[in-house]
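Notes to accompany the following structure.
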Amino acid sequence: MTVVIFDLDGTLIDSAPDIHAASNRVLLEEGFAPLTMAQVRSFIGKGVPHLVGQLLQASGEDPAGPRLAPMIARFAEGYETAVGLTVPYPGVVAALAALRAQGMPLGVCTNKPLAPAKAVLQHLGLLASFDAVLGGDSLPQRKPDPAPLFATLAALGGGPVVYVGDSEIDAQTAAAAGMPFALYTEGYRKTPVADLPHDVAFSDFAELPGIVARLAASAGARQA
């Protein structure tokens, strides 16, 4: 049975409004001016330390300077409850149900810390859809290192796998892991679709069950 592993922010959920609000809360507490949604959205995907470093850089500060650690701690204080503005992308709930109805093990591999990742999935009623969730603080490595993806696959019992993501980081991770990659085009990527390595690109989650079946069949044919 094919295993399907998903990225979270920008793939299953549009969390940018909550991350934007949490970022500006911390910036204002630290005496900085707020940033735009577009600015903060462009920082999402590499984990909280990177995001906070980018907030500092955009505010004219050293992104690796002495203010980084306290601002990471401040950001983390409210991140687990920053769920009120986040929504699943259209078609996600139905696609997950369709995949589960086929008996496919499903997992999440995200650079978002584990506690906020589980909290937002629980808030949206999606946590029970997944057999494993791995966060950005679950291992010493973060994506695009393939270790988190391999660890998620192992937690799901191994087997043929398809990885679903939306960004440059996800494309790099899938390539490093040698896994078939389905690119959701409506997320947070900044690079043109044609310039990202992927097996299939899609904009509608209604297409995903068929995509998974085709990628699994293609991988099986290559191995035969």
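Read-outs throughout are calculated quantities, based only on the coordinates presented, and are distinct from any laboratory measurement. The model shown is predicted, which means the values in this text are computed figures rather than measured ones. Don't worry about glycine lacking a Cβ; one is built from the backbone with ideal geometry, like all the others, and counts go over all protein chains shown.
Backbone geometry of the range 168-181 corresponds, through the Karplus equation with coefficients 6.51, -1.76 and 1.60 at θ = phi - 60°, to 3J(HN,Hα) couplings of 4, 4, 5, 5, 5, 5, 4, 5, 5, 8, x, 9, x, 10 Hz, x marking Gly and Pro. The three principal axes of the Cα atoms in the chain give end-to-end lengths of 59, 33, 29 Å, sorted in falling order.
Summed over qualifying helices (DSSP H, 4 residues or more, each -39500 (n - 2.57)) and divided by its residue number, the chain shows a 222 nm mean residue ellipticity of -13000 deg cm²/dmol. Placing a label point 7 Å from the Cα of Arg25 along the Cα-to-Cβ line, the residues of the range 45-74 whose backbone N sits under 12 Å from it are 74. Modelled spin-label separation between Thr36 and Asp131, with each label point placed 7 Å from Cα along the Cα-to-Cβ direction: 4.4 nm. Here Asp204, Asp195 are placed in order of increasing Cβ neighbour count within 10 Å, fewest first, which gives Asp195, Asp204.
The packing ranking of peptides 82-94, 19-31, highest mean first, is 19-31, 82-94, where packing means the average number of other beta carbon atoms within 10 angstrom of each residue. Find the Rg to Rh ratio for the range 16-79, where Rh is the Kirkwood radius over alpha-carbon pairs and Rg uses the same atoms. Result for the range 16-79 is an Rg/Rh of 0.90. Taking the 0 to 90 degree range and rounding to the nearest ten, how far is the long axis of helix 92-101 tilted relative to the main principal axis of the chain, both from C-alpha atoms? The angle comes out at about 40 degrees. Counted by Cβ distance under 10 Å from Met71, the other residues give a net charge of -1, where Lys and Arg count +1 and Asp and Glu count -1. Protection proxy ranking, highest mean first, for peptides 40-48, 149-157: 40-48, 149-157, where packing is the per-residue count of other beta-carbon atoms within 10 Å, averaged.
Any idea what the alpha-carbon Rg over 2.2 N^0.38 Å comes to for the range 6-133? Provide the component values of the computation, followed by the final result.
Numbers: Rg = 15.7 Å, N = 128, 2.2 N^0.38 = 13.9 Å.
Compactness ratio reported: 1.13.
Between 0 and 90 degrees, the angle of helix 16-29 with respect to the longest Cα principal axis of the chain falls at about 20 degrees.
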